[in-house]
Each structure stands twice: as C-alpha cells, then as structure tokens.
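Below is one structure, written out as structure tokens; comments come after it.
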Amino acid sequence: MGKTIGLDLKSKRERRRSDYAFHQDYRTRWADNDMFHHLNNPIYGVLIDSIINAYLMDVCGYSTKSSTHIGLVANTYCDYFGSAQYPGVLDVGLRVVKLGKSSVMYEVGVFQQGEEKVKAVGGFIQIWVVKETNRPDAVGVPDYVRKELVNLVNSEDSEVVKGKEQKL
C-alpha cells in the first residue's frame with residue numbers, strides 16, 4: 001500500500017493485489033458460471049459480502065449474535081473489467097476506502113489466480129446502527145471493530161490514520 005488509490009474507473013482497472021491488505025482465496029464452482037462460461041454477476045456480490053463479513057467476524061471479533069451494533073448495507077457497487085470463470089481459483093482482496101464515525105466504505109478486488117489484471121472491483125458502504133432499533137447512535141462503528149478496520153485503510157488515502165474522521 002502507501003500510494004493514493006483513485007476511485008475512478010481508470011484507477012480501478014489498474015488495481016493490483018498489493019492495493020489490498022487482506023486476502024482470501026475462492027475456488028470457483030461449476031454452478032458459478034453463466035451460459036457464456038463467465039462467473040455470474042451475482043457471484044461477485046457473494047464474494048464481496050463474504051470477504052467483508054469474514055474480516056469482521058474472524059479479525060474484528062464481530063458476532064451477529066452478541067454485538068449490540070450491526071452494519072447495514074446502504075449502497076453496493078461493482079465494476080467489471082474482465083471475466084473470471086470455473087474452473088479456477090480467485091484471489092479476493094479487501095481494503096477500507098473511508099472510515100467515518102458510523103459508516104465504512106469497503107472495496108474488494110477480484111483477481112483470477114495466475115493473472116495480474118483485476119477482473120472486478122466492487123464493495124459497499126455500511127452504516128453501523130444499534131441492532132435493537134436499526135438507528136445510529138453516538139457509538140457508531142464499535143471501537144473493537146474500528147481498531148481492526150484501520151489496518152485496511154491506505155494511510156495516504158485517509159485522514160483516519162492521522163486521528164481525523166472522514167465524512168462519507
């Protein structure tokens with residue numbers, strides 16, 4: 001990491017694995033393909049959701065059962081730059097673009113194993129609310145989650161690392 005990473009399509013098309021701090025492998029399945037032998041578009045959404053939630057649960061210690069706060073998805077996006085397919089293994093990378101008081105903007109890059117060109121860049125914005133009421137409060141993103149999300153923020157992209165909050 002260490003460089004400013006643009007959010008325009010040209011910049012996204014040039015993403016590299018090293019732009020992402022956390023990675024997971026995904027072994028494609030026959031059912032992932034569409035009739036054109038490309039990964040079905042909804043599969044990218046599953047990959048995005050899966051890596052974000054894996055990080056929240058496995059690294060941050062977030063629990064859907066015991067946490068008083070939940071992250072609700074407010075916006076999703078995915079830009080496609082190439083075809084991934086079965087059979088194969090995908091390298092899925094995760095970074096945090098913006099970390100606000102109550103919101104987080106995640107970005108996920110999808111790469112086919114053995115290829116350097118990014119296949120898709122997508123993500124979502126999550127708003128953290130009280131689980132009982134589905135409303136934001138003064139806590140926003142819980143501290144134990146925020147502490148780990150900061151590790152996914154590119155220090156050149158964000159004021160969060162310097163102690164300032166970004167507004168989404």
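Numbers at a glance
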read-out: Helical mean residue ellipticity (222 nm; -39500 (n - 2.57) per DSSP H run of 4+; nearest 500) of the chain; value: -4500 deg cm²/dmol
read-out: Using alpha-carbon coordinates, inclination of helix 41-54 to the longest axis of the chain, degrees; value: 40 degrees
read-out: Listed candidates (1) 12.7; (2) 10.0; (3) 9.4 - label of the one calculated as mean projected area of the Cα convex hull in nm²; value: (2)
read-out: From phi via Karplus (6.51, -1.76, 1.60), per-residue ³J(HN,Hα) for the stretch 105-115 in Hz, x at Gly/Pro; value: 10, 9, 10, 10, x, 10, 10, 7, 4, x, 10
read-out: Positive minus negative residues near H23 (Lys, Arg vs Asp, Glu; Cβ under 10 Å); value: -1
read-out: Cut-off 10 Å between beta-carbons: net charge of the residues surrounding Q85, Lys and Arg +1, Asp and Glu -1; value: -1
read-out: Assigned charges on the beta-carbon of Lys, Arg, Asp, Glu; the chain dipole about Cα centre (debye); value: 240 debye
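Throughout, read-outs are computed from the coordinates displayed, never taken from laboratory work. Being a predicted model, the structure only gives us computed values, none of them experimental. Ideal geometry is used to build each Cβ from the backbone, glycine not excepted, and the neighbour counts take in all protein chains shown.
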